[in-house]
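Note sheet for the following structure.
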Amino acid sequence: MGKKSTNADKAIFKDIFKEHWEGFKAKHPGYNTEQYEEPVQKMLGCGEEFSGYSEYICMHCGLDKRIVPFSCKSCFCLSCAKKYTDDFVSQVSEMLHPGVIYRHIVLTLPEQLRGIFYKERHSRDLLSAFMRCGYECLEDVISTVKKRPLKIGCIVVVQTHGRSGRYNPHLHIIMTSGGVHTELGKWHELGYFKYEIIHKKWQYHLFRMVKSYIGTEEINRLVDELWKKYPKGLVANVSKGNVPDSCKGLARYLARYVASPPIAVRRILNYDGETVTYWYQDHRSKSKKIERVDVYTFIGRMVQHIMVKGFQRVRYFGLEATKTYKKWAKVIQEGIKTIGRIVKGAYQIVRTKKYRERYQEISGTDPMVCKYCGNEMELVRIWHPKYGVIYDEFERLKTGQYAQESGADRRSGCAVRPSTGAIQLSLF
Ligand SMILES: [Zn+2]
Ligand SMILES: [Zn+2]
């Protein structure tokens, strides 16, 4: 692995966009839309005071002061990528059925079809259909293997970039190793099966989906050609990952694959104002490849992966579907008991971390402790670029908002805290 990303690396990424984003848009007007502008501007303003901040002061000695700028929390922002990953892990870990074995399957597109997806990148529909198609394919696989109609559970994550940053949409699927016969309400465990069956099934489902989605003569011809070319199915476009044996860490394992930004900062080796040099791990040769591209190409490789606003990159299907999760959880638990597998505790639920914890993790110091007297600092002000000062501790003190409070929450008389102890920031 390369060196750990540093603030200097993140600054390089920002610099590239600061200096060339406008020029890039002029050259490629297709990117001059909100879909791309918003995340890029968010990233550029992330952590800057003009994007809003919270201010902390030591109420004990009055000497230390801390400005904590808001972060943008966008997956495009390298500074926020860790937060994004943590949130992802936390969300997914709550959706895993205890005791169930999961499998990780990667479904990709044959090269010849990537262009079609690339053309549709400003729309959410094709990628949505792609995700559902992956789920339907695997449900078909399991039902065929078990010779009965089964409902399976899938957590599907779509990613559009390959390791080099080029456009290469593929699905990472975490699938239940088994399914429920919905009419009988019975769980069927999937044992060993030949993965080759997925190759044929994936070809069938993917080609059928693309044909019906695009529906032009040209596409039909292309797909028919591919059918002839790959009589054994899409061999190169199916792979399985090694899901950790233990219950712990499954979500984190998945996050490694799916939550990474197109190119991690630590992979940028050099930026000279005109060209960017970066490296990546080549999938086929397993070796480190270094690429040097002009800055517009680099920006293009980054922004082409920004999805339509609000697009759900992680989706839950079948037994994992949010609405019916609880209903199926019961059936699955009973089924697992019947086959005699001991449920060794639940999947580890990962909690999202607060700014303070994350800061502490990275820097090793508590950001909220006064460096002069060691007391905990207090939130005194929140400033938002659009709404101005939205919280002011001194104003609250002046207007006597503490007068009616019991004072039970006050610590040793020196620090006055808001009554709730937490401030709700529901404005954004
Ligand atoms: Zn102090
Ligand atoms: Zn950010």
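The values are calculated or read from the model by the stated rules, or taken from the named source; none is laboratory data. Keep in mind that this is a model prediction, so the values were computed, not measured. Cβ: placed from backbone, ideal geometry, glycine included. Neighbour counts: every protein chain shown. Surface areas here come from the heavy atoms of the whole protein model, side chains and all, with no ligands, DNA or RNA. Shrake-Rupley method; radii C 1.70, N 1.55, O 1.52, S 1.80 Å.
Worth a mention:
- Qualifying residue in the range 15-33 (condition: more than 30 Å from Val156 (Cβ to Cβ), among the aliphatic types (A, V, I, L, M) and buried (at least 19 other Cβ atoms within 10 Å of the Cβ)): yes
- Residue check, Gly153 over 22 Å from Ile198 (Cα atoms), more than 16 Å from ligand 2 (Cβ to nearest atom) and not aromatic (Phe, Trp, Tyr): no
- Exactly one residue out of Arg166, Arg148 is open to solvent by 40 Å² or more (accessible area, probe 1.4 Å) and over 30 Å from Ser287 (Cβ atoms), and it is Arg148.
- Residue identified as open to solvent by less than 40 Å² (accessible area, probe 1.4 Å), in contact (Cβ under 8 Å) with a residue 60 or more places away in the chain and either small (Gly, Ala, Ser) or within 16 Å of ligand 1 (Cβ to nearest atom) (or both) among Ser90, Ser74, Ser79: Ser90
- Within the range 283-308, the set of residues being under 14 Å from Lys27 (Cβ atoms) and modelled with pLDDT of 90 or more comprises Asp294, Val295, Tyr296, Thr297, Phe298, Ile299, Gly300.
- Pairs with Cβ under 9 Å, 6+ apart, first in the range 144-159 and in contact (Cβ under 8 Å) with a residue 40 or more places away in the chain, second of a type in the set (Asp, Glu) and in a helix (DSSP H, G or I): Lys151/Glu139; Ile152/Glu139; Cys154/Glu139
- Among residues that are more than 29 Å from Val156 (Cα to Cα), at pLDDT below 80, open to solvent by 10 Å² or more (accessible area, probe 1.4 Å) and among the small types (Gly, Ala, Ser), Ala8 is included.
- Every condition in (1) out of contact with any Pro (no Cβ under 8 Å at 6 or more places or on another chain); (2) more than 30 Å from Asp224 (Cβ to Cβ) is met by Tyr118 except one, and the failing one is (2).
- Condition check for Gly47: within 16 Å of ligand 1 (Cβ to nearest atom) and either part of a helix (DSSP H, G or I) or of a type outside the set (Ser, Thr, Tyr) (or both): no
- Hits in the range 63-88 (condition: part of a helix (DSSP H, G or I) and either among the charged types (D, E, K, R) or touching an Asp or Glu at 6+ places or on another chain (Cβ under 8 Å) (or both)): Lys82, Lys83, Asp86, Asp87
- Residues in the range 364-382 that are assigned to a loop (DSSP other than H, G, I, E, B), more than 9 Å from ligand 1 (Cβ to nearest atom) and either within 22 Å of Gly52 (Cα to Cα) or in contact with a Ser or Thr (Cβ under 7 Å, 6 or more places away or on another chain) (or both): Asp366, Pro367, Met368.
- Test: residue in the range 54-62 that is on the phi > 0 side of the Ramachandran plot, within 16 Å of ligand 1 (Cβ to nearest atom) and outside any helix (DSSP H, G or I): yes
- Among (1) surrounded by 22 or more Cβ atoms within 10 Å (Cβ to Cβ); (2) closer than 30 Å to Val293 by Cα; (3) at pLDDT 85 or above, the one test that Ile142 misses: (2)
- For the range 39-48, the count of residues that are open to solvent by 30 Å² or more (accessible area, probe 1.4 Å) and farther than 30 Å from Leu254 by Cβ is at least one.
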